[in-house]
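A short worksheet on the structure shown next.
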Amino acid sequence: MPKGYAMRLTRMFLPTLKESPADAEVISHRLMTRSGMIRKVAAGIYNLLPMGLRVIRNVERIVREEMTRSGAQEVSMPFVLPAELWKESGRWDVYGSELLRVQDRHGRDFCLGPTHEEVVTDMVRREVRSYRQLPLNLFQIQTKFRDEIRPRFGLMRGREFVMKDAYSFHSTDECAEREYRNMYDTYMRIFERCGLLFRAVEAETGQIGGSFSHEFMVLASTGEDAIAGCSSCPYAANTERAEIGEPVAGMGPSPPDVKEKAIEEVRTPGMKSVEEVSAFLKVPPARLIKTLIYSTDKGPVAALVAGDCEINEAKLKRAVGTETLALADEKAVGGATGAPMGFAGPVGLRIPLYADWAVRDISGGVAGANSADAHIINVAPGRDFKARYGDLRAIREGDPCPRCGSPIEIKRGIEVGHIFKLGAKYSAAMNSTFLDENGGARPFIMGCYGIGIGRTAAAAIEQNHDAEGIIWPRPLAPFDCHLVPVNVNDSETVKASEAVYSSLVEKGYDVLYDDRDERAGVKFKDADLIGVPVRITVSSKTLKEGAVEVKERKAEGARLVKTECLAEEVKKILAVKCAPGG
RNA sequence: CGGGGCGUGGCUCAGCCUGGUAGAGCACCGCGUUCGGGACGCGGGGGUCGGAGGUUCAAAUCCUCUCGCCCCGACCA
């Protein structure tokens with residue numbers, strides 16, 4: 001077995017902090033800063049100090065090994081990318097201000113790479129001519145730059161960040177889907193090896209595009225994403241994506257005894273929000289027909305949802321079949337409804353109406369009257385307006401699972417990985433083709449697969465910490481053992497500590513040796529903060545019994561272990577959940 | 001991009017309203033005591049108060065501009 005990494009704390013560049021900097025609001029950011037892993041250089045841009053880099057390298061190593069094992073090949077593409085490629089794919093204009101653009105001395109346009117579909121597509125189209133050279137999966141672990149509107153949360157959401165991105169090229173859909181499943185399985189292995197609690201969920205494709213995708217979410221209460229999971233079957237999806245089945249007719253929110261009456265206009269001065277109208281007219285929110293006007297590339301449309309529901313814009317976008325979708329501004333609302341914002345309703349509207357299933361079952365509904373300060377009551381969908389019905393609302397806790405009908409649970413997660421089946425989106429746009437069996441030119445079918453390296457490390461902390469500090473899962477831990485001599489002025493203690501130090505390193509463990517002349521309390525606090533899985537405390541007290549103290553970071557108490565049994569004990573502790581090859 | 005807030009020693013912050021010689025805690029250096037959960041005493045070093053301009057006898061403090069950073073919002077009428 002190769003020797004482990006030995007480090008004395010008196011020699012290590014490890015500035016720990018008692019207090020956390022004022023700008024760190026999430027726990028991983030605070031703990032990474034306090035434990036001397038990272039330091040901020042500018043908004044969303046960080047230095048990685050030795051302790052932080054060791055963790056990042058651990059994530060990278062696992063990702064690299066599993067990607068390679070799955071058949072992907074590592075490459076390295078540039079960080080500064082020429083504008084031409086981005087203009088060719090069309091994204092130079094649509095990516096927006098997240099794309100940091102720069103010019104060289106000749107005034108030529110470049111950008112800092114936020115992702116590498118264009119470059120890899122260009123690379124492959126230059127070299128790959130035949131279906132015989134396919135499939136191909138190329139990955140890199142590399143720095144990206146996205147000029148986020150609001151960088152925050154340390155490594156969780158920086159502007160500059162390290163990402164593993166992989167791109168696969170195929171001659172057929174079936175082959176691309178096979179690779180998608182291969183990557184899905186690979187990602188499962190990667191995050192399992194990282195020792196994280198996570199879930200793979202169906203996801204929206206967003207800016208990258210493509211036909212379907214999954215996100216890999218580390219479960220943590222502080223996560224930025226909400227995920228919907230079935231309480232009894234494996235269905236799980238990002239709430240942006242999660243489907244809701246068509247409800248059985250007659251099971252709507254309205255009481256069945258509401259009599260069908262003719263519509264009637266009522267004055268509702270200044271009552272715009274669902275809450276105001278509901279309270280004013282004494283009608284439950286579920287009987288309001290919330291009408292939202294959207295501007296799309298197919299012109300204005302109206303979206304109808306029950307007053308107690310939230311619209312899901314991704315679903316609306318799909319239903320309308322539009323590329324762009326944005327809530328209409330005051331002017332556009334006026335143009336479509338003839339009324340100021342807050343009084344739109346479906347009755348008499350001359351633009352396409354898209355309605356959520358739940359609206360169909362409303363009787364005695366209330367909606368805007370399309371004139372200022374007025375609503376209409378006794379609205380009956382079907383009688384008073386016609387709309388295209390579908391699943392348009394955001395999923396909620398307790399909604400039925402679209403697969404099995406059991407109640408949905410909402411949990412929070414941190415997106416650490418995302419896989420996409422892209423299809424021919426980029427290859428077609430960039431005229432990137434190969435020759436098939438019949439000698440015909442066809443665009444590559446592509447997939448792309450990303451993992452946020454730094455975010456994975458941050459997510460591990462969000463998921464594994466306590467009031468004292470980080471509790472590293474062993475595979476990501478910067479060290480295996482944290483060796484603490486209680487008093488470095490006691491020669492017996494030092495002698496025993498040095499012996500433990502060299503013997504554990506000799507056996508292949510990475511050992512952090514706190515040889516500082518500090519009080520025990522200071523060393524213990526730092527040890528808890530840094531979160532190395534095993535702490536070994538050496539003191540004259542226990543040495544009298546020929547023993548040292550072993551404490552697992554994640555466990556409560558410590559126990560005495562005879563020095564001659566220490567190696568065996570450490571091996572036993574670290575073997576639990578020890579990753580293959582790690 | 002809109003709103004709000006903050007820039008004072010390496011870190012966390014007070015001082016600003018009401019202008020008058022720049023402070024505390026932590027960290028750092030020295031000496032001593034202490035030594036298993038962020039010790040104590042004594043002594044010490046370190047800050048053009050983000051930058052520029054203005055008002056004033058006098059500006060960290062008031063005014064203007066500027067830069068940086070942080071928070072909220074920028075989809076639910």
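The values are calculated or read from the model by the stated rules, or taken from the named source; none is laboratory data. The model shown is predicted, which means the values in this text are computed figures rather than measured ones. All Cβ positions, even for glycine, are placed from backbone atoms using ideal geometry, and neighbour counts span all protein chains on display.
Applying the criterion of being assigned to a loop (DSSP other than H, G, I, E, B) and not aliphatic (A, V, I, L, M) to the residues of region A:486-509, the residue that is surrounded by the fewest Cβ atoms within 10 Å (Cβ to Cβ) is A:ASN489. Considered as a group, the residues in region A:517-573 that are in contact (Cβ under 8 Å) with a residue 60 or more places away in the chain and of a type in the set (Gly, Ala, Ser) include one that is farthest from A:ASP466 (Cα to Cα), and that residue is A:ALA567. Being assigned to a strand (DSSP E or B), in contact with a helix residue (DSSP H, G or I) (Cβ under 7 Å, 6 or more places away or on another chain) and away from RNA strand B (no atom under 12 Å from the Cβ) narrows it down to one of A:LEU483, A:LEU512, so name that one. Residue meeting the stated conditions: A:LEU483.
Filtered by the rule that a residue be part of a strand (DSSP E or B) and either surrounded by fewer than 18 Cβ atoms within 10 Å (Cβ to Cβ) or of a type in the set (Ser, Thr, Tyr) (or both), region A:414-449 gives A:THR433, A:LEU435, A:ALA441, A:ARG442, A:TYR449. Taken over region A:1-55, the residue count meeting the criterion of being more than 10 Å from RNA strand B (Cβ to nearest atom) and assigned to a loop (DSSP other than H, G, I, E, B) is 14. Taking each residue of region A:450-470 that is at positive phi and in a helix (DSSP H, G or I) and looking for partners that are of a type in the set (A, V, I, L, M) and surrounded by fewer than 24 Cβ atoms within 10 Å (Cβ to Cβ) with beta-carbon atoms closer than 6 Å, six or more apart or interchain, yields nothing.
Remark: A:ALA326 matches the filter, which requires a residue to be modelled with pLDDT under 85, surrounded by fewer than 18 Cβ atoms within 10 Å (Cβ to Cβ) and either farther than 30 Å from A:ALA237 by Cα or within 9 Å of RNA strand B (Cβ to nearest atom) (or both).
Answer with yes or no whether A:LEU304 is more than 9 Å from RNA strand B (Cβ to nearest atom) and closer than 19 Å to A:ASN370 by Cβ. Answer is yes for this residue.
Residues in region A:397-438 that are without any contact (Cβ under 8 Å) to a residue 24 or more places away in the chain and not aliphatic (A, V, I, L, M): 3 in all. Which of the residues spanning region A:329-339 are assigned to a loop (DSSP other than H, G, I, E, B) and surrounded by fewer than 15 Cβ atoms within 10 Å (Cβ to Cβ)? Across region A:329-339, the qualifying residue is only A:ASP329.
Taking region A:81-194 as the region of interest, the strands (runs of 3 or more DSSP E) fully inside it that hold 1 or more residues being buried (at least 18 other Cβ atoms within 10 Å of the Cβ) and in contact (Cβ under 8 Å) with a residue 40 or more places away in the chain are A:136-145, A:160-170. The sole residue among A:ARG30, A:ARG64, A:ARG34 that is closer than 27 Å to A:ILE414 by Cα and either surrounded by fewer than 19 Cβ atoms within 10 Å (Cβ to Cβ) or of a type in the set (Gly, Ala, Ser) (or both) is A:ARG64.
Exactly one residue out of A:GLU160, A:GLU192 is at pLDDT below 95 and not basic (Lys, Arg): that is A:GLU160. None of A:LYS317, A:LYS298, A:LYS282 is within 29 Å of the chain's Cα centre (by Cα) and more than 10 Å from RNA strand B (Cβ to nearest atom) except A:LYS317.
Among strands (runs of 3 or more DSSP E) lying entirely in region A:232-296, which contain 2 or more residues that are modelled with pLDDT of 85 or more, in contact with a helix residue (DSSP H, G or I) (Cβ under 8 Å, 6 or more places away or on another chain) and crowded, with 17+ Cβ neighbours inside 10 Å? Counting at least 2 such residues, we get A:289-296.
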